[in-house]
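All remarks here apply to the structure that follows.
The values are calculated or read from the model by the stated rules, or taken from the named source; none is laboratory data. As the structure is a computational prediction, the values presented were derived from the model and not from experiment. Keep in mind that these areas ignore ligands, DNA and RNA; they rest on the heavy atoms of the full protein, side chains included. Shrake-Rupley method; radii C 1.70, N 1.55, O 1.52, S 1.80 Å.
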Amino acid sequence: MNAERHAQLLQFLQGLGLTAHAEMDLERLDEALTHTSAGLSVNHEKLEFLGDAVLRLAAS
């Protein structure tokens, strides 16, 4: 992750009223916020499965 993207993620967290900690994995946050059409070779199926499970839990 480049320095510009890192700064964007920190600004995003601040906008949500959250503070980033040194042990926080911003790579995971970056992966979660990056759409598949960005052309990365990352597979988002695990995140989709987790999101579906959270939606089912909230709906029940």
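I want to verify the translational diffusion coefficient of the chain in µm²/s; compute it with Stokes-Einstein, Rh as the Kirkwood radius over Cα pairs, at 10 °C and 1.306 mPa s.
Here the translational diffusion coefficient equals 120 µm²/s.
What figure in square angstrom, to the nearest 10, would you give for the accessible area of residue 34 with a 1.4 Å probe?
For residue 34, solvent-accessible area is about 30 Å².
Please calculate the 1.4 Å probe accessible area of residue 27, with all protein chains present, and give it to the nearest 10 Å².
Solvent-accessible area, nearest 10 Å²: 100 Å².
Counting each DSSP H run of 4 or more residues in the chain as -39500 (n - 2.57), what helix-only mean residue ellipticity at 222 nm follows after dividing by all residues, to the nearest 500 deg cm²/dmol?
-18500 deg cm²/dmol
Rounded to the nearest 10 Å², what accessible area does residue 25 show when all protein chains are kept and the probe is 1.4 Å?
For residue 25, solvent-accessible area is about 80 Å².
With a 1.4 Å probe and every protein chain left in place, work out the accessible area per residue of the chain in Å², rounded to a whole number.
Working: 5140 Å² over 60 residues.
Value for the chain: 86 Å² per residue.
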